[in-house]
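What follows is a short report on a single structure.
Every read-out reported here was derived from the displayed coordinates using simple, explicitly stated rules and does not represent laboratory data. Treat the numbers as computed from the prediction; the structure is a model and nothing was measured. Every residue, glycine as well, gets a Cβ built from its backbone with ideal geometry; the counts of neighbours run over all protein chains shown.
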Amino acid sequence: MTQLPSWAEWLVSSLIIVGALFALVGSIGLARLPDFMARLHAPTKSTTLGVGGVILGSIVYFSVSASFSLHELLITIFLFLTAPISAHLLAKAGLHLELRRVENTRDLRTQPRQYSDEDD
Amino acid sequence: MLNKVLPAPFLSLFLLAFWLLLQNTISAGLVILGVILAILIPLYTNRGRDFPATIHRPLKVVEYFVLLLIDILISNLNIAAIILMPSRKIKPALIEYPLDIVGEVPITVLASTISLTPGTITAEIRRDGRALLIHALNVHDPDKLIQSIKQRYEMRLKEIFKC
């Protein structure tokens, strides 16, 4: 392992710790939010920053210790492309199965049938 | 003429950048090979593109992307705060969001944007394709949320895609 200058060590470790903290918060949210739809919010959002922090750390580490490196950015691109799609599919499945929602969820649909699979 | 060789200039640009990121080095040979691939792949796959979309304002795309990044950052902090406070305080809602824009690609981009930003997830599109169903994690005033999405994202998309 190469020795990093101390500013880079600080920067890399704080980026990784911040990333890990957000990943942890996302997982806690997955466990403790009240219903399916609310649980979906935690992993789709907090993990983007969690992974982002770790990736930035990796970019800084490899750019300082070896040659300039950017291909970690590909992970971010794929994450941004796939996270909304998987969230959308899960939300859609939850909606059509009419999973139990917490009581204070307000349903503001004017024509709920417009969103269901059933034939009229 | 240019349209024949480059049917999708932004796809080509994306492919070239993607290729160079994958290689993780830049040399003349790699750039030339990348340019050849970036021209050939869109030419070959153009028949399969079902939903053509033209970007009219490339600079606005950059602005949109930066705005989105900042909002994702803020949304992460918001969600973290909601998760760490007692859960019975949250006020979730299913909101109908009327669409102003038309076309598959712009609507898809808007839906993905909504899923990535503060406390909202797109769940479904209405059968006639003129409204999105949004699940919001913690919202006090649904109309204000709809207005803010319209002004922040939909107006910009409308300018970018001219739809």
Item checked: Options B:Thr113, B:Thr122: the member that is surrounded by 15 or more Cβ atoms within 10 Å (Cβ to Cβ), free of Cβ contacts under 8 Å to residues at least 24 places away in the same chain and either at the interface with chain A (Cβ under 10 Å from one of its Cβ atoms) or outside any helix (DSSP H, G or I) (or both) -> B:Thr122
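Conditions tested, residue by residue: (1) more than 7 Å from chain B (Cβ to nearest Cβ); (2) charged (D, E, K, R); (3) surrounded by fewer than 16 Cβ atoms within 10 Å (Cβ to Cβ).
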site	(1), (2), (3)
A:Leu33	no, no, no
A:Phe36	yes, no, no
A:Ser58	yes, no, no
A:Leu90	yes, no, no
A:Leu99	yes, no, yes
Margin query: Being within 27 Å of A:Phe78 (Cα to Cα) and among the aliphatic types (A, V, I, L, M) is the filter here; which residues of segment B:132-163 pass it?
Written below: B:Leu132, B:Leu133, B:Ile134, B:Ala136, B:Leu137, B:Ile149, B:Met155, B:Leu157, B:Ile160
Check: Within segment A:47-84, restricting attention to residues that are aromatic (Phe, Trp, Tyr) and assigned to a helix (DSSP H, G or I), which residue is farthest from B:Gly119 (Cα to Cα)?
Finding: A:Phe62
Notebook entry, point to check: Taking into account only those residues within segment A:19-31 that are of a type in the set (Gly, Ala, Ser) and facing another protein chain (nearest Cβ under 9 Å), which is farthest from the chain's Cα centre (by Cα)?
Noted result: A:Gly29
Note to self: Residues that are farther than 21 Å from A:Ile85 by Cβ and polar (S, T, N, Q): does segment B:115-133 have at least one?
What the structure shows: no
Check: Say we look at segment B:69-110 and pick out the residues that are in a strand (DSSP E or B) and more than 7 Å from chain A (Cβ to nearest Cβ); which of these is surrounded by the most Cβ atoms within 10 Å (Cβ to Cβ)?
Finding: B:Tyr97
Next item on the list: Considering (1) out of contact with any Ser or Thr (no Cβ under 9 Å at 6 or more places or on another chain); (2) of a type in the set (A, V, I, L, M); (3) within 7 Å of chain A (Cβ to nearest Cβ), say which one B:Ile146 fails and leave the rest.
Entry: (3)
